[in-house]
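Single-structure report; data block below.
The values are calculated or read from the model by the stated rules, or taken from the named source; none is laboratory data. A quick note: this is a predicted structure, and the numbers were derived from the prediction, not measured. All Cβ positions, glycine included, derive from the backbone under ideal geometry; neighbour counts span all protein chains shown. Only protein heavy atoms, including side chains, enter the accessible area calculation; ligands, DNA and RNA are left aside. Shrake-Rupley method; radii C 1.70, N 1.55, O 1.52, S 1.80 Å.
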Amino acid sequence: MISDQNNNIPFITMPISDDEPELIPLLTNEDEELMNNEQLPDIVSVLPLRNTVLFPGVVIPITVGRDKSIKLIKDAYASDRIIGVVSQKDVSVEDPKLTDLNSIGTVAQILRMLRMPDGNTTVIIQGKRRFKIKNIVQEDPYLKAQIEPFVDHTKVETDQEFGAIVDSLKDISMQIIQSSPNIPSEASFAIRNIESPSFLINFISSNMNADVEKKQMLLEMDDLKDRATKVLEHLTKELQMLELKNQIQSKVKTDIDKQQREYFLNQQLKTIQEELGGNTPDKELSEMRERAKTKKWSKDVSDIFNKEMERLGRINPAAAEYSVTLNYLDLLLELPWEEFTNDNYDLKRAEKILNRDHFGLEKVKNRILEYLAVIKLKKDMKSPIMCLVGPPGVGKTSLGKSIAEALGRKYVRMSLGGLRDEAEIRGHRKTYIGAMPGRIVQNIKKAKSSNPVFILDEIDKITNDFHGDPSSALLEVLDPEQNTAFYDNYVEIEYDLSKVLFISTANSLSSIQPALRDRLEIIEISGYTLEEKIHIAQKHLVTKQLEAHGLTATTTTFSPNMLKVIIEQYTWESGVRTLEKSIASVVRSVAKMVAMDEPYPTKITAEVIRKALGAPRFIQDKLLNNEIAGVVTGLAWSANGGSVLFIESSLSRGNGKLTLTGNLGDVMKESAVIALAFLKAHADELNIDSRLFDQWNIHVHVPEGAIPKDGPSAGITMLTSLASVFTQKRIKSKLAMTGEITLRGKVLPVGGIQEKILAAKRTGIKEIILSIDNEKDILDIKPEYLTELKFHYVEDMLDVLKVALTTQKAKNAIDLTIKESSKSHHTELLHESKAAHPIVKKKKKAVRNR
């Protein structure tokens with residue numbers, strides 16, 4: 001539909017031929033008035049129509065095929081082009097008579113006549129006015145009839161109801177045009193531009209989806225309002241049917257399109273896979289059944305597998321559930337059900353491998369050899385759950401590989417550091433999108449054996465949040481009584497983990513859940529001494545780094561003295577990890593010289609080390625002299641191993657205020673408070689005037705304030721420091737101590753004894769004070785670590801002071817005099833101290849020396 005640019009008269013496009021479409025103007029109000037005022041002829045040639053009804057004002061093309069009709073059209077087209085058009089009652093009648101025609105028809109004007117390529121004649125006609133046949137006046141060569149006008153009897157110009165009906169006709173017609181894909185969009189333009197209500201009704205009646213009988217009924221209605229109402233009823237039903245049809249077609253089309261698309265894609269994929277030699281779904285399922293025949297699983301697992309296979313065969317390969325089930329069955333096939341590697345029971349070989357790869361670690365090695373011995377004798381034993389606890393870099397994790405090689409088992413490692421989701425251990429249920437088995441099952445699948453050496457690394461670094469507590473999930477894994485039937489949420493079948501040798505590693509036991517710690521066989525691994533580090537570097541680290549950097553042992557060598565320089569000046573650790581990195585840096589500097597054809601050192605010197613590593617990063621702890629009162633050497637433990645800790649105390653005139661500095665934690669501050677309280681309570685026994693505590697301020701400081709410090713083990717060190725400063729006596733030279741104190745004066749045991757002893761030995765300490773309850777820890781330490789060391793085991797704090805304090809006055813000793821107004825009997829006691837012992841008035845208990 002287009003509009004003429006000059007007069008804005010709307011035209012309808014009539015496709016007549018392939019050359020150019022015919023532009024026919026729509027009927028306007030003026031055209032309709034002129035048409036209604038035209039005089040009808042008394043006799044007209046009658047053209048029977050088979051399948052349509054012509055309404056006044058409407059333009060339609062018709063194809064003429066009968067000989068009579070063709071002659072009629074030619075004669076009329078040659079004269080006035082006026083004919084009468086009447087629809088047949090029975091479309092099957094080839095030569096209709098008066099009785100075969102409806103009595104009401106439409107006078108039409110032939111607008112154009114065309115001869116089509118197939119031999120038929122097509123004419124475009126426009127209806128003028130309705131007529132009624134009175135009688136037939138001619139039958140040959142075509143029908144002619146005497147007619148009379150058929151007019152509307154109702155005037156509707158001012159009828160509001162009629163106007164509403166016409167508006168509704170327009171609205172519903174527009175909706176039908178928009179909803180129906182078969183109606184061209186030009187029709188909506190025509191509907192909007194028709195001004196005449198009667199022509200609008202005729203136009204809609206002619207084009208609506210109705211049979212010839214219904215259209216003929218509308219043509220014969222003489223009341224325009226009734227005819228409009230009937231058309232509105234029909235359009236309303238047609239719109240409802242169209243909407244319902246569209247809904248059904250849309251739903252069916254979506255389902256069919258999806259099914260057809262999936263079917264075609266699957267067929268194409270199947271064809272492509274066959275062309276490429278790949279596996280089709282059917283072939284893949286048959287291969288899985290063949291693989292299942294070789295599995296050594298139990299009947300329960302076999303039944304579940306077969307059931308899932310039958311279910312998989314009924315699922316469309318394009319469905320999402322297909323891939324979920326396929327992945328599940330593939331996991332069942334990949335898991336090593338009842339598949340074990342054969343253990344190597346050669347104990348001497350196992351011992352040789354363990355000694356080859358790791359220096360020291362005697363407890364762990366002996367425990368593995370014991371396990372092998374029992375397996376060799378009994379042939380069946382549940383694997384122990386060991387936990388190696390020690391500082392970083394001492395070889396806990398790498399020990400697992402050596403154990404696996406010694407046993408002849410597969411090796412897998414799982415890092416637990418930062419793990420916070422329980423599903424990481426137990427897996428997710430298959431119903432979740434992207435579900436996976438837990439990492440325990442995944443690593444068992446990776447090992448392809450049900451009895452690997454399984455390293456649970458950093459078990460003390462597990463965290464928990466709203467996702468669950470992974471350490472609680474590990475309770476079942478690490479319990480020999482429960483892990484025979486470990487349940488993974490994804491597998492949904494119990495799996496036997498009792499043959500797996502679990503070895504966990506940790507830096508500290510304090511953060512491990514008590515219930516989990518109870519299931520572990522704790523084996524503590526201490527740090528290495530200087531001599532051990534030198535030995536490890538010579539036997540393992542230097543050779544490893546030379547090979548890693550393309551050098552040989554003949555290229556350059558490290559002497560024990562140079563290794564000692566690296567250890568003391570560039571590392572500060574219990575293990576050898578930083579030592580290995582430092583050696584690697586030195587080796588890289590030599591490799592660069594070799595690659596650039598520059599002179600390179602065949603022996604590593606201090607100068608080479610300094611150029612490669614820079615200035616020394618660490619200065620080894622040096623003993624402070626004992627000339628000043630209040631300076632005491634303590635022993636501390638950290639994740640990096642043991643170290644010495646100096647406690648310094650000083651006095652200044654004041655009112656007895658206690659100040660603590662050095663970045664101390666609450667427990668360490670409490671130790672200082674307890675030490676001072678004990679000192680006040682036992683001032684008479686220590687020949688200290690109690691009034692001194694009210695007239696002197698006390699300041700206790702622990703050097704290296706940037707490093708946080710906490711813990712109870714500095715209790716006896718703080719007590720000794722305070723006693724020294726209040727008596728102004730020196731502390732015994734080359735003496736260190738560690739132990740917790742109580743208000744009752746008891747000395748309690750502390751941990752980390754071996755690391756603390758190694759630190760004391762590195763520093764040059766010769767005597768160490770410990771709680772008597774720590775004597776058992778000394779018995780577990782290698783004798784070579786204890787050479788040149790003397791231990792004092794004490795039970796209470798007065799014993800500590802008897803060992804630590806000397807009779808010598810400190811250098812630059814403070815004159816602790818009491819103000820004259822405050823002199824009393826206690827001042828006299830200060831000057832009348834007994835010569836038997838200048839510090840302790842009475843002998844309490846004999847101190848055991850070793």
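Brief remarks on what is shown
- Some residue of the stretch 56-73 being more than 16 Å from Arg115 (Cα to Cα), touching a residue at least 24 places away in the same chain (Cβ under 8 Å), assigned to a loop (DSSP other than H, G, I, E, B) and open to solvent by less than 80 Å² (accessible area, probe 1.4 Å): yes
- Helices (runs of 4 or more DSSP H) contained in the stretch 386-455 and holding at least 2 residues within 15 Å of Val491 (Cβ to Cβ): 423-426, 439-447
- Residue satisfying all of: in the stretch 283-300; in a helix (DSSP H, G or I) and open to solvent by less than 100 Å² (accessible area, probe 1.4 Å); nearest to Leu312 (Cα to Cα) among these: Leu285
- Among the residues of the stretch 732-761, those identified as at pLDDT 90 or above and surrounded by 23 or more Cβ atoms within 10 Å (Cβ to Cβ) are Ala736, Met737, Thr738, Gly739, Ile741, Val747, Val750.
- Asp460 vs. criteria crowded, with 16+ Cβ neighbours inside 10 Å, assigned to a helix (DSSP H, G or I) and either on the phi > 0 side of the Ramachandran plot or of a type in the set (Asp, Glu) (or both): yes
- Within the stretch 623-675, the set of residues being assigned to a loop (DSSP other than H, G, I, E, B) and open to solvent by less than 30 Å² (accessible area, probe 1.4 Å) comprises Ala629, Gly630, Gly656, Gly662, Gly665.
- Unmet requirement for Glu795, which otherwise passes all of (1) within 55 Å of the chain's Cα centre (by Cα); (2) modelled with pLDDT of 90 or more: (1)
- Restricting the first member to the stretch 141-162 and to residues that are closer than 18 Å to Val231 by Cβ, and the second to residues that are modelled with pLDDT under 75 and assigned to a loop (DSSP other than H, G, I, E, B), the beta-carbon pairs closer than 9 Å and six or more apart or on different chains are Phe162/Thr154; Phe162/Val156.
- Residues that are open to solvent by 40 Å² or more (accessible area, probe 1.4 Å), closer than 20 Å to Gly739 by Cα and at pLDDT below 90 within the stretch 683-711 comprise Pro708, Asp710, listed in sequence order.
- The residues in the stretch 494-543 that are out of contact with any Asp or Glu (no Cβ under 6 Å at 6 or more places or on another chain), in a helix (DSSP H, G or I) and under 30 Å from Pro560 (Cα atoms) can be counted, and the count is 13.
- Pair list, Cβ < 6 Å and 6+ apart or interchain, from the stretch 487-500 residues that are without any contact (Cβ under 8 Å) to a residue 24 or more places away in the chain to residues that are part of a strand (DSSP E or B) and open to solvent by 20 Å² or more (accessible area, probe 1.4 Å): Glu494/Tyr487
- Any pair with Cβ under 6 angstrom, 6 or more apart, that starts in the stretch 79-98 at a residue that is at negative phi and ends at one that is open to solvent by less than 70 Å² (accessible area, probe 1.4 Å) and of a type in the set (Ser, Thr, Tyr): Ile83/Ser45; Val85/Thr106
- Flag if Ser45 is hydroxyl-bearing (Ser, Thr, Tyr), at pLDDT 85 or above and in contact with a Lys or Arg (Cβ under 7 Å, 6 or more places away or on another chain): yes
- Residue count, the stretch 27-84 (criterion: more than 20 Å from Phe150 (Cα to Cα) and touching a Pro at 6+ places or on another chain (Cβ under 7 Å)): 2
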